[in-house]
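Asks: First, the structure itself, so that you have it in front of you.
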Amino acid sequence: MKAFILAAGVGSRLKPWTDHHPKALVDIAGKPMIQRVIENVASSGVDGVVVNVHHFSEQIVEFLENHDFGVNIMISDESSLLLDTGGGLRKAVDYFEGEDVLVHNADILTDYDLSKLIAVHKRCGNDATLLMGERPSSRKLVFDKNMRLKGWTNTATGEVKPGNLLTAPDDRYLSFQGIHILSSGLYNRLIDYRPNNTPFSIIDFYIAHAATHNIAGVIIDSDARWFDVGKPATLEEAIRNMTDK
C-alpha cells in the first residue's frame, strides 16, 4: 500500500506564517507537521509516500530531500494549479503502481493507529474506507446502519447530496476525519470522473459512487488524539497535546 499526503493547500487561515511558508512546514512542538504525518503513515507499513505540493512547493521539496524518513518519498507537483483533494489524487494515480492508497491530509494530526484502518479496509474488501468521528460540525456524511456511505448533508441548511438522498432513522451522521483509503479497483472510476488537471473534491467523488460501490466508514477510537491544525486555535491545542509525541 502507498500513502498520499495532501500538502498542497495555501493555508489562508494560518496567515501570516503562510504568507512566506507552506502550511505543511508549520512547527508542532519541535517538528514540522508534515514530518509528523509522514512518520505516522510510515509506521503503518506503507511502502512509499507521495506528497502533493503547490504553495511554496520548493520549501517542502527541499525539506523532504534533506530528511530520511525510512520510506521512499515522491512528489506530485501541482505548482501550476491547485487540484483539490480529488484532482490531486487523480493526477497522482500513476505513482500508486496499482496498489491501494492511504490518503492523509497534511493538516491532520492524530495518534490513531492507522494499521487498524488498513486492516478493516483489507478484511472487508471495501472500495474505500473513511475514518469518521463524532466531532461537532454541520457538514456530515450519512452512513446506513452497516456504516456504508449514503450521502452528505449540511445539518444547518438542510442541503443534501445526492439530491435524491433518502435517510432512515438508524442512519449515522458523522464527521470526516481527513484520512481514508482508496482501493486500486476504484482508480478507473476516479480517472473517468474528471479529466486530469481538473480540481474536484474526493468527497464529491465518493458521494457520486456511494450507491454502486462499497464505500464504508470506520469510527476513530474514542481515546485517540485528533487535531485539525489548519487554523490557529486548533494549532495551539495540537502543540499543547503533541509535546510528548
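What follows is calculated from the coordinates using simple rules that are stated; it is not laboratory data. Just so it is clear, the structure is predicted and the values come from calculations on it, not from any experiment. Don't worry about glycine lacking a Cβ; one is built from the backbone with ideal geometry, like all the others, and counts go over all protein chains shown.
Asks: From the phi angles alone, apply the Karplus equation (6.51, -1.76, 1.60; θ = phi - 60°) to region 146-158 and give each ³J(HN,Hα) in whole Hz, x where the residue is Gly or Pro.
Replies: Ordered by residue, 3J(HN,Hα) equals 9, 6, 9, 5, 10, x, 9, 8, 9, 5, 7, 10, x Hz.
Asks: Fully extended, how many nm does the chain gain between VAL10 and GLU237 (0.36 nm per residue separation, minus their Cα-Cα distance)?
Replies: Taking 0.36 nm per residue and subtracting the Cα distance, the gain is 79.6 nm.
Asks: Put +1 on the Cβ of every Lys and Arg and -1 on every Asp and Glu Cβ in region 2-241; which of ILE191, LEU174, LEU117 then has its Cα farthest towards the positive end of the dipole?
Replies: With unit charges placed on the Cβ atoms, the residue in question is LEU174.
Asks: Same structure, new question: Which one of THR157, THR167, THR198 has the biggest mean-square fluctuation once the chain is modelled by GNM with Cα springs under 10 Å?
Replies: THR157
Asks: Let me ask you something else. Counting only GluC sites (Glu not before Pro) that sit in a DSSP loop (anything but H, G, I, E, B) with at most 16 other Cβ atoms within 10 Å, what is the longest stretch of the chain containing none of them?
Replies: Longest gap between qualifying sites, sites excluded: 1-96.
Asks: Separate question: Expressed in nm to one decimal, what extension gain is obtained for the pair THR157 and SER201 from 0.36 nm per residue of sequence separation less their Cα-Cα distance?
Replies: 13.8 nm
Asks: Between ASP27 and TYR173, how high is the FRET efficiency from 1/(1 + (r/R0)^6) when r is the Cβ-Cβ distance and R₀ = 22 Å? Nearest 0.05.
Replies: 0.05
Asks: For the chain, with only Lys/Arg (+1) and Asp/Glu (-1) charged at the beta-carbon, what is the dipole magnitude about the Cα centre, in debye rounded to 20?
Replies: Computed charge dipole of the chain: roughly 760 debye.
Asks: Could I ask something else about it? Once you have the Cα-Cα distance between HIS20 and LEU165, take 0.36 nm times their residue separation minus that, and quote the gain in nm to one decimal.
Replies: Computed gain between HIS20 and LEU165 is 47.9 nm.
Asks: Tell me, what HN-Hα J-couplings in whole Hz come from the Karplus equation 6.51 cos²θ - 1.76 cosθ + 1.60 at θ = phi - 60° for each residue of region 91-101, using x for Gly and Pro?
Replies: Values per residue, Gly and Pro as x: 5, 8, 3, 5, 5, 7, 6, x, 9, 4, 10 Hz.
Asks: Name the residue, out of ASN164, ASN105, ASN214, whose mean-square fluctuation peaks in a Gaussian network model built on the chain with Cα pairs under 10 Å.
Replies: Taking springs between Cα atoms under 10 Å, the residue moving most is ASN164.
Asks: Another question, then. At a Cα cut-off below 23 Å, give the lysines reachable from LYS161, other chains included and same-chain residues fewer than 8 away excluded.
Replies: Within the straight-line cut-off, LYS161 pairs with LYS140, LYS145, LYS150.
Asks: Based solely on its DSSP helices, what 222 nm [θ] is calculated for the chain when runs of n ≥ 4 H residues each add -39,500 (n - 2.57) and the sum is averaged over all residues, nearest 500 deg cm²/dmol?
Replies: -7500 deg cm²/dmol
Asks: If you build a Gaussian network model of the chain, linking Cα atoms that sit under 10 Å apart, which residue out of LEU14, LEU83, LEU109 swings the most?
Replies: Fluctuation is largest for LEU14.
Asks: Moving on to the next point. Going through the cross-link list LYS15/LYS231; LYS116/LYS231; LYS2/LYS122, which pairs have a Cα-Cα distance over 20 Å in this structure?
Replies: Where the Cα-Cα span goes over 20 Å, the pairs concerned are LYS116/LYS231.
Asks: Once phi is turned into θ = phi - 60°, what whole-Hz ³J(HN,Hα) does the Karplus curve with 6.51, -1.76 and 1.60 give for every residue of region 69-82, x standing for Gly and Pro?
Replies: Listing the rounded values in order: 9, x, 8, 5, 10, 10, 10, 9, 8, 10, 4, 7, 7, 6 Hz.
Asks: To continue, here is another question. Between helix 33-43 and the chain, what is the angle of the helix's C-alpha long axis to the longest principal axis, kept within 0 to 90° and rounded to the nearest 10?
Replies: The answer is roughly 70 degrees.
Asks: For TRP152, enumerate residues with amide H under 5 Å from its amide H, sequence gap 5+ or separate chain, H modeled in the peptide plane.
Replies: For TRP152, the qualifying residues are VAL142, LYS161.
Asks: A further question on this structure: Just to verify a number: FRET efficiency for ASP68 and ARG148, C-beta to C-beta distance, R0 = 45 Å, to 0.05?
Replies: That pair, ASP68 with ARG148, gives E of 0.65.
Asks: Can you tell me the FRET efficiency between LYS122 and GLU97 if r is taken as the Cβ-Cβ distance and R0 is 22 Å, rounded to the nearest 0.05?
Replies: So the FRET efficiency works out to roughly 0.80.
Asks: What is the distance in Å between the Cα centres of region 181-203 and region 54-114?
Replies: About 16 Å separates the Cα centre of region 181-203 from the one of region 54-114.
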